[in-house]
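Where a number appears in this text, it was derived from the coordinates with a stated rule and is not lab data. Keep in mind that what you see is a predicted model, and the values were worked out from it rather than measured. Ideal geometry is used to build each Cβ from the backbone, glycine not excepted, and the neighbour counts take in all protein chains shown.
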Amino acid sequence: MSIPWGSTGFTTVSIVMGDRVWNTAIWNKTWGDQRGLVLALVALWGVFPWLFLWLSSQIQMNAFQDVLLQAIPKDWQRLSGVPFSDVATHAGRVALAFVDPVVVLAATVWGITRGSDAVSGQLERGTMEMLLAQPVRRQAVWVTQALATTAASATLCGVLALSVCGAVAFGPWAGKVEPQRFLLPVANVFGLMVCLAGISACLSAADTYRWRTIGSMCGFYVFSLLAKLVGRMSGTFGWVGYLSFLNAYEPQRLVGDAGVSWGNLLAYNGILLGLGCIAYVIGGVIFCRRDLPAPL
């Protein structure tokens, strides 16, 4: 049946099932909140692989191998995650796109931005009180935000997969490497986005100010990045690497042997998606039980 939403300005169709009310207005609002960022990332990830491969092709493979295998110290191989001999191939060079800041930072910005908006962002804007004044449950608000963010993450990774495969199939290295080999790295990007969004949403559920949620999440991300670097470069403090969730983001290792790559993907995404889902569950419990501050 139809229910007017009065002061919120929403028009929706609500379905009453027992004591629950499921309505399309929450979906419309959530998708509207993230539409701008989705379109920006679609444009960025749609163009970037083509530009990356074109720029990479300007350096001949022999010259690239000479620099990578001779000029760079072998100890630095620990940072790459894979042997330099694997990077100095067409597949290895394409895989570098997935550890490029354009991809990693975009995935990070997406996860932190959307996760931090789950609760503290809306409280800071004053829209949460208006939303919960309607006949909806907190569970519905939380689940809708989580599902919308995850669905948008999958959509963005679909755009990235199409762009990468298209650039490989029809770009400057056409015929030198199989495009389908890069679907697993894209899946690893999806795992990273869900993990960051889930942890950010969990922090958001316990906070009132979005700036503080973003600051806490950025601090956690920097700590994880440093822990990963220390774990790889230090023999004495190698155990520190286990404190970083970023050890599960290794797209360069997913373009080799199919059997090994699938095994690695299951392990990596098992960690990333597991952390994201656990964080969403914990955040949902916190949000449904906490007292929300009165609007100012």
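Using a ≥ b ≥ c from the Cα gyration tensor of segment 147-239 (square roots of the eigenvalues), is it rounded, prolate or oblate, where a/c under 1.5 gives rounded and otherwise the larger of a/b and b/c decides, a/b for prolate?
Taking the square roots of the gyration eigenvalues as a ≥ b ≥ c, segment 147-239 is oblate.
Taking only the Cα atoms of segment 31-289, how large is their convex hull per residue, in Å³?
Dividing the Cα hull volume of segment 31-289 by its residue count gives 125 Å³.
Stretched out fully, how many nm does the piece from residue 154 to residue 233 gain, at 0.36 nm a residue minus the Cα gap?
Result for the pair: 25.1 nm of gain on full extension.
Give me the one-decimal nm value for the distance between modelled label points at residue 143 and residue 176, 7 Å along each residue's Cα-to-Cβ direction.
If labels sit at residue 143 and residue 176, their model points lie 5.0 nm apart.
What do you get for trypsin sites (Lys or Arg not before Pro) in segment 200-296 restricted to DSSP loop and a cutoff of at most 15 other Cβ within 10 Å of the site's Cβ?
Taking segment 200-296 and a limit of 15 other Cβ atoms within 10 Å, the loop trypsin sites (Lys or Arg not before Pro) found are 290.
Note down the magnitude of the dipole of segment 31-289 about its Cα centre, charges +1 on Lys and Arg C-beta and -1 on Asp and Glu C-beta and zero elsewhere, to the nearest 20 debye.
Computed charge dipole of segment 31-289: roughly 320 debye.
Between residue 290 and residue 162, how many nm apart are label points set 7 Å from Cα along the C-beta direction?
About 3.7 nm, to one decimal.
Points 7 angstrom from Cα along the Cβ direction at residue 277 and residue 59: gap in nanometres?
About 3.9 nm, to one decimal.
Cα-based Rg (one decimal) and Dmax (whole number) for segment 198-296, in Å?
Answer for segment 198-296, Rg first and Dmax second: 17.1, 58 Å.
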